[in-house]
Amino acid sequence: MSTTRLLDLVDARDFRTLFIDELGWNNPDQPDRTFSIEEQSHTLTQIAGYKGMRIWYCPDLPTRKTQRSLDELIGRDNHERLVIFANESRQEWRWPRRAQTGGVNAKLLAHQHVVGDSDAHLAGQLEAIAIDFEEDLPLVELLNRMRQAFDSEAEAASVQAARLMGTLYAELDQSKVPPHDATLLLARLLFLLFGDDTGMWGKKPDLFHRYLLNHTSDVTLNTDMEELFRTLDTPDAKRKLPSGSSLTPFPYVNGGLYADPLPVPPLAPRFREALLSACEFDWAIISPAVFGSMFQTVKDKDARRHGGEHYTTEENIFKTIGPLFLDEYQGRLENAWDNKAELTKLHNDLGRLRFFDPACGCGNFLIVAYRELRALELELLKRRRHLDQISPSQAAGVKRSQMSLDVTGEIKVTLDHFYGIEIEEWPARIAETAMLLVDQLANQRMEQDFGLAPDRLPIAIAPTILHGNALRTNWETVCPPGPDVIVFGNPPFSGRGDRTAAQTADQKFIWGKQYNINLDYVTCWYLKTVRYYGNIASRWAFVSTSSVCQGEPVATLWRPILDAGWRCRFAHRSLQWDSEAPGKAAVHVSIVGFDKAKSSPKPTLWTYPAGGHGNGTAHLVARINPYLVEGQNLLVVKHVKPLSPQLPEAAFGSMPNDGGNLLVEVDDYPEVAADPVAAKYLRRFIQAKELLHNRQRWCLWMVDLDPADVDRSDILRTRIEAVRKHRANSKSPTTSARMHPPHLFGQIAQPDTSYLGIPRHVSEHRRFYAATRYEADTICGDANFLIPDPDGFALGVISSTMFMIWQKTIGGRLKSDLRFSKTFTYNTFPLPSLTADQRVLVIEGGARIVAAREAHLGSSLATLYDPYSMPNDLVEAHRDLDKVIDMIFNITKSDDAGRQRTLFRKYAQLTGQGVLPEV
């Protein structure tokens with residue numbers, strides 16, 4: 001099977017040979033089907049199949065809307081299918097991508113192929129669904145292959161949709177339409193475009209497209225749209241339209257989408273052209289879950305120039321809602337599959353649930369949750385109908401079987417069970433619109449399976465999306481709390497360096513006297529959720545910055561959570577989350593879910609490879625503690641001095657605060673060294689880069705300056721004067737108030753003995769801390785911490801795996817990099833009391849590490865501690881040291897989990913929190 005052979009058969013439209021002889025599929029088992037759409041006949045021929053998955057071929061290329069109609073017709077008794085529409089020059093391969101459960105919200109995706117093109121993508125898709133001659137492939141596996149092969153078309157469709165909306169927005173921008181009005185206008189148009197393509201108008205397909213094409217003009221488009229919007233917001237009985245008006249066929253929409261007055265200024269002809277182009281696109285293939293990110297993209301000019309490649313992936317949303325509630329209800333459906341009483345109980349339970357996202361943005365979490373629960377409910381209804389039909393002897397069953405086609409009154413998962421709060425108006429509008437549209441898709445799918453679906457127009461059932469500040473709003477007035485209310489979402493991330501004044505005020509309002517500047521803004525939602533539920537037992541989860549389980553803020557955040565009786569139900573420890581906002585860098589997040597259950601379900605902890613990339617690994621554990629590791633609940637707080645009196649105190653390195661004038665770079669060194677007066681004060685200067693990469697840098701260290709030397713050296717005089725000016729002109733009140741002598745560093749911490757230099761930040765990929773000792777005449781800068789270490793004892797402690805595990809478990813981070821802290825990670829390190837002999841062993845272990853490093857002359861610490869290429873002798877030296885430290889801690893199991901448990905138990909003992917039992 002060669003790529004050329006496959007594509008030759010595709011171009012020749014010899015699909016039977018392609019699928020049966022080359023790809024190993026089976027012969028067809030269905031006769032031809034002929035359908036008439038808009039007085040045009042179309043014949044579909046099955047060319048191959050495999051265990052219920054069928055390939056159909058239509059020898060013409062109708063419009064995409066007709067293609068979709070044909071797919072729906074053939075899909076009534078061909079649930080799994082691929083339909084190929086082709087003429088002599090072009091083909092469209094259409095695959096209905098389905099949702100995670102139940103097949104609801106199928107989106108017909110198209111791969112376009114031009115005859116004669118070297119279509120490597122299509123060839124790859126075909127190779128992916130080839131079946132070996134002796135392979136007995138399960139249908140589920142084949143469908144997975146189909147999904148992997150063809151679902152990528154959805155990404156291209158999302159990009160194309162974003163481009164279309166971006167063009168419309170750009171034209172509105174050119175016409176000076178204010179951003180608020182432009183966004184509302186696009187939301188209204190999106191509803192109409194979606195309505196055209198999803199059967200929302202009943203038996204009047206393409207209603208908006210035909211109105212736009214036949215009853216508007218470049219000159220009157222703005223007033224035509226205003227009149228259309230008023231009509232959509234007016235009940236039929238109150239309309240005053242002339243007989244035969246082109247607006248009469250439009251239904252009453254209600255729901256507030258078209259309620260507010262929206263003046264539309266005259267628009268350039270290009271806008272109408274772009275809108276007509278948008279009508280040609282098949283909006284039914286776009287998930288409403290991407291509408292928010294799509295609108296965010298089109299509002300950003302830079303993102304528009306990049307073609308709108310930013311859209312929300314649903315994978316991360318499932319990491320939240322899956323373990324929080326969806327997995328449980330899917331499992332209950334599977335367990336109740338043959339039990340009508342249990343199916344009914346599950347259905348009633350679904351009807352009691354309420355879902356609340358108090359930072360809903362464009363509604364992505366609510367949209368996906370609603371879609372999946374409607375899908376689950378549909379599967380439940382179908383199964384219950386089937387069970388009724390296979391037991392006709394029971395009178396009730398017969399009656400239900402006879403009525404089973406009309407299940408519209410049995411829907412219990414409804415839009416009015418979904419609630420959200422959003423601080424910005426336009427995302428709130430998009431959330432409302434998208435929820436209505438995903439409801440339409442769910443109803444459309446129900447109609448395919450049952451023949452009937454609820455008519456949602458005019459809109460009588462809608463979600464509650466409040467435009468307002470969630471932190472200043474009484475949540476009980478939006479969604480009354482209860483045991484069936486589930487709270488979830490992705491609140492905004494803002495650390496101490498990027499919070500606005502308004503956000504800081506919000507945070508102080510929520511936290512009150514417990515306000516801590518180091519708490520992330522997202523923690524406000526945690527505390528407010530605890531207060532919202534009070535004594536009610538339910539469940540909730542948020543996507544958050546990883547700071548909620550790292551560093552000093554953990555104790556402040558988790559104490560009220562634990563005191564209120566919540567336990568960690570599940571957690572994703574640290575992963576990289578690609579923001580849906582255009583142009584924003586990926587952030588490292590944790591996802592944490594809570595409930596008040598005693599033991600069931602067993603907590604699940606997902607861990608990720610270093611850096612947060614890749615797939616997580618799930619672990620069932622006895623308990624997840626506030627640092628999102630398996631272990632007892634324990635809160636670490638900072639300490640002014642080391643817990644162990646045998647550890648020397650750490651300090652920041654010296655801070656120049658000099659505008660660079662006391663520092664001597666490589667290019668400046670020859671000139672300064674040639675000045676005999678200035679040269680007396682030259683010292684090697686070490687910041688983190690110099691420490692890790694062995695780079696050269698110096699400083700002028702003038703703590704013992706002879707004032708006469710300033711007059712003897714132009715270099716000293718010039719540089720000191722420059723420092724004076726820098727500090728005098730500084731906008732920092734600390735710098736200008738202190739007015740340190742200009743010949744000295746702004747802050748001085750240099751010890752008079754040899755010391756250990758420790759970078760403030762190191763990569764989480766490193767197995768050990770790359771710390772090293774210096775003599776007192778090498779000046780340590782403030783990008784490092786320093787610990788006086790005349791005998792090398794501190795080097796031995798910091799270089800141990802035990803210390804690195806403590807740092808990685810409880811320490812703060814910058815993105816994923818480890819952040820050393822003297823008061824938090826160092827002073828809290830629960831080192832047991834050492835005997836004199838044990839102290840000697842630690843010093844000797846550190847000395848062996850230094851010797852191993854020195855055996856590799858010219859190699860920097862960054863090179864030596866590369867996690868993928870550490871020299872064997874250096875690794876062995878660290879292992880020897882670890883044996884000593886593990887012995888001191890009385891380690892019984894020297895893996896990461898065992899060390900964590902030992903560290904927590906020892907910390908509990910040293911801080912009076914009691915002896916923690918083994919997990």
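Data table
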{"item": "Only one of Thr523, Thr473, Thr504, Thr477 that is under 18 Å from Trp558 (Cβ atoms), out of contact with any Cys (no Cβ under 7 Å at 6 or more places or on another chain) and polar (S, T, N, Q)", "result": "Thr523"}
{"item": "Scan of the stretch 21-39 for residues that are within 42 Å of the chain's Cα centre (by Cα) and either closer than 22 Å to Arg64 by Cβ or in a helix (DSSP H, G or I) (or both), ordered by number", "result": "Glu22"}
{"item": "Among the residues listed as Leu605, Leu620, the single one being exposed (fewer than 14 other Cβ atoms within 10 Å of the Cβ), among the aliphatic types (A, V, I, L, M) and out of contact with any Phe, Trp or Tyr (no Cβ under 6 Å at 6 or more places or on another chain)", "result": "Leu620"}
{"item": "Criterion: modelled with pLDDT of 90 or more and either surrounded by 19 or more Cβ atoms within 10 Å (Cβ to Cβ) or under 30 Å from Arg573 (Cα atoms) (or both) - qualifying residue of Thr753, Thr772, Thr835", "result": "Thr772"}
{"item": "Contacts under 6 angstrom Cβ, first residue in the stretch 531-542 being in contact (Cβ under 8 Å) with a residue 12 or more places away in the chain, partner of a type in the set (Val, Ile, Thr), 6 or more apart", "result": "Ser538/Val485; Arg539/Ile486; Trp540/Val487; Trp540/Thr529; Ala541/Thr320"}
{"item": "Candidate set: the stretch 160-214, residues that are part of a loop (DSSP other than H, G, I, E, B) and modelled with pLDDT of 85 or more; chosen: the one nearest to Glu226 (Cα to Cα)", "result": "Val177"}
{"item": "Only listed residue being β-branched (Val, Ile, Thr) and part of a strand (DSSP E or B), chosen from Ile843, Ile787, Ile805", "result": "Ile787"}
{"item": "Any hit, the stretch 758-765, residues being surrounded by fewer than 20 Cβ atoms within 10 Å (Cβ to Cβ), among the polar types (S, T, N, Q) and more than 17 Å from Met655 (Cα to Cα)", "result": "yes"}
{"item": "Enumeration of residues in the stretch 696-729 that are among the hydrophobic types (A, V, I, L, M, F, W, C) and not in a loop (DSSP other than H, G, I, E, B)", "result": "Trp698, Cys699, Leu700, Ala708, Val710, Ile715, Leu716, Ile720, Ala722, Val723, Ala728"}
{"item": "Tabulated pairs, the stretch 33-48, first of a type in the set (Phe, Trp, Tyr), second in a strand (DSSP E or B), C-beta under 6 angstrom, 6+ apart or interchain", "result": "Phe35/His42"}
{"item": "Unique residue being within 20 Å of Leu437 (Cα to Cα), in contact (Cβ under 8 Å) with a residue 60 or more places away in the chain and surrounded by fewer than 21 Cβ atoms within 10 Å (Cβ to Cβ) when the list is Asp260, Asp233, Asp181, Asp282", "result": "Asp260"}
{"item": "Options Ile787, Ile779; residue that is crowded, with 20+ Cβ neighbours inside 10 Å, farther than 22 Å from Val664 by Cα, touching a residue at least 60 places away in the same chain (Cβ under 8 Å) and not assigned by TED's automatic domain parsing to the domain that holds Gly660", "result": "Ile787"}
{"item": "Residue within the stretch 631-640 that is crowded, with 17+ Cβ neighbours inside 10 Å, not assigned by TED's automatic domain parsing to the domain that holds Arg905 and not in a loop (DSSP other than H, G, I, E, B) present", "result": "no"}
{"item": "Residue in the stretch 350-367 that is modelled with the lowest pLDDT, counting only those that are aliphatic (A, V, I, L, M) and buried (at least 24 other Cβ atoms within 10 Å of the Cβ)", "result": "Ile367"}
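Residue by residue, here is whether (1) among the small types (Gly, Ala, Ser); (2) part of a helix (DSSP H, G or I); (3) closer than 27 Å to Thr823 by Cα holds:
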position	(1), (2), (3)
Ile486	no, no, no
Arg499	no, no, yes
Leu519	no, no, yes
Ile536	no, no, no
Leu562	no, yes, yes
Arg569	no, no, no
Gln576	no, no, no
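The values are calculated or read from the model by the stated rules, or taken from the named source; none is laboratory data. Model, not experiment: these values are computed from the prediction. Don't worry about glycine lacking a Cβ; one is built from the backbone with ideal geometry, like all the others, and counts go over all protein chains shown.
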